[in-house]
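Report on one structure; see the data block that follows.
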Amino acid sequence: MTKNRSENLNTSHQDATYTLGRTSHETTRLIEQSRIYGESTHRLCKRAGIINGMHVLEIGSGAGDVALMLAELVGPTGRVVGVDVNADILDTARQRAADAGHRNTEFIAGDARNLNFSDKFDAIVGRFVLMYMANPGEAFANLITHLKSGGIAAFQEPEYTLYPVFLHPDTPLMNQLITWILDVFKHSGAHLNMGIGLYQAFVDARLPPPMMHLESPIGAAKTWAGYRYMATIFQSLLPLLEKYGLATAEEVGVDTLAARIRQEVIASKRPFFLPLHVTAYSTRQV
Ligand SMILES: C[S@@+](CC[C@H](N)C(=O)[O-])C[C@H]1O[C@@H](n2cnc3c(N)ncnc32)[C@H](O)[C@@H]1O
């Protein structure tokens, strides 16, 4: 049976509760996240063809990590406009752009679905943002109207539906963390299949089928930053885990979590898997 768009992307009437909260822990987590996922976002933007001099719209900027990377890519003759619905976090983004000496970057507080610009952009980029929107396909199609003919769409979203493939009898802690993550995102109303769903978002918006890659940062080295990053994820998720009755602070044990994950990796001789994500890009033809 052919599924329509709303069935495939599981649309709802309401945006997801922003699962990771809006605290200073979350700002720290976003910066840590960029240390882990930044390289693949950079690779996505390079592969997609974002170059010097381009004008780029970046949605869901958070603490500004993607915008900062784009500011380097487009150089002083280019321009980056970052948008986030959370006005407070943009103060951090602005400060970081100023500290890095980027004069080509501006941040606008607002909903990415209600933007008005007099000029169209050479590229639109978003990382880990469509999954929180009630109707990501519609939001994406709307965003593409801000793209020039020949302009680039480059997006990166998590794919949680595949995460359970890493469950293993020798890794009870990792299994528990994966289960909690899936449960809390499900309860919040986020789209667990947004990574793979990017394909549908692109073709429904009449973009050519995107080039796509699936990645998961995995690690086993004693000093790998992923253990601490997982603990910061749980620091941000904790309020909702407790609110939904999925886990208590004692059960999660954020303070010792990174060390316990590392111990399990050493004992099980299996690497630890962070959430998978999909990158997708293509170029508007008309
Ligand atoms: C998981 S964070 C990712 C931040 C950043 N893209 C990064 O990867 O570091 C998602 C961000 O999207 C923002 N966001 C969610 N829905 C939005 C919307 N409708 N319009 C603009 N920003 C939105 C949130 O406020 C949050 O800062």
Q: Collect the residues in region 179-192 that are over 14 Å from PHE140 (Cβ atoms) and under 13 Å from the mean Cα position of the chain (by Cα), keeping them in residue-number order.
A: ALA190, LEU192
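Please state which one of ASP183, ASP204 is under 17 Å from TYR160 (Cα atoms) and either surrounded by fewer than 19 Cβ atoms within 10 Å (Cβ to Cβ) or among the small types (Gly, Ala, Ser) (or both).
On the way: ASP204 fails: under 17 Å from TYR160 (Cα atoms).
Matching residue, one of ASP183, ASP204: ASP183.
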Q: Can you give me the number of residues within region 126-160 that are within 14 Å of the ligand (Cβ to nearest atom), outside any loop (DSSP other than H, G, I, E, B) and not hydrophobic (A, V, I, L, M, F, W, C)?
A: 11
**Q.** Residue count for region 158-196, restricted to those that are under 21 Å from GLY245 (Cβ atoms) and either of a type in the set (Gly, Ala, Ser) or in contact with a Cys (Cβ under 6 Å, 6 or more places away or on another chain) (or both)
**A.** 3
Q.
Considering only residues that are out of contact with any Asp or Glu (no Cβ under 9 Å at 6 or more places or on another chain) and either away from the ligand (no atom under 16 Å from the Cβ) or of a type in the set (Gly, Ala, Ser) (or both), which ones fall in region 65-84?
A. ALA71, GLY75, PRO76, THR77
**Q.** In region 37-82, the residues that are at pLDDT 95 or above and hydroxyl-bearing (Ser, Thr, Tyr)
**A.** SER40, THR41, SER61, THR77
Q: Taking the options ALA123, ALA100, name whichever one is among the hydrophobic types (A, V, I, L, M, F, W, C), more than 30 Å from ASP183 (Cβ to Cβ), away from the ligand (no atom under 11 Å from the Cβ) and out of contact with any strand residue (DSSP E or B) (no Cβ under 8 Å at 6 or more places or on another chain).
A: ALA100
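The values are calculated or read from the model by the stated rules, or taken from the named source; none is laboratory data. No experiment lies behind these values; they were computed from the predicted model shown. Note: ideal-geometry Cβ built from the backbone for every residue, glycine included; neighbour counts use all protein chains shown.
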